[in-house]
Amino acid sequence: MAIPSLPMPVPSTPLPAAPPADHETPHWLFRYVFSQDPKTIAKQYLLTGMAWALVAGTLSTLFRLQLG
């Protein structure tokens, strides 16, 4: 049993262009803190790791100074 093919309708006039998007760029807080972009998440991960390494290094130095 063959499936009949129907002709595809073609519009006689071109469709109007879509209006420009009416939205602002997100605030930096939403762009960087609540991001779902993998590149931004990687930067957050890198900066957080470096910050914790700095905290750990400072604490280890303080412990060694306390021991004398």
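Quick note: the coordinates plus some simple rules give every number you see, no bench work behind them. Bear in mind the structure is a predicted one, so any value in this text is a computation, not a measurement. FYI the Cβ positions are ideal-geometry reconstructions off the backbone, even for glycines, and counts take in every protein chain you see.
List of remarks:
- With respect to (1) in a loop (DSSP other than H, G, I, E, B); (2) among the aliphatic types (A, V, I, L, M); (3) surrounded by 10 or more Cβ atoms within 10 Å (Cβ to Cβ), the lone exception for ILE3 is condition (3).
- In the stretch 28-53, the residues that are free of Cβ contacts under 8 Å to residues at least 40 places away in the same chain and of a type in the set (Val, Ile, Thr) form Cβ pairs under 9 Å with partners that are surrounded by 10 or more Cβ atoms within 10 Å (Cβ to Cβ) and assigned to a helix (DSSP H, G or I), at six or more places apart or across chains, as follows: VAL33/GLN44; THR40/ARG31; THR40/TYR32.
- Summed over the stretch 28-59, residues that are part of a loop (DSSP other than H, G, I, E, B) and either among the hydrophobic types (A, V, I, L, M, F, W, C) or loosely packed, with under 10 Cβ neighbours inside 10 Å (or both) total 2.
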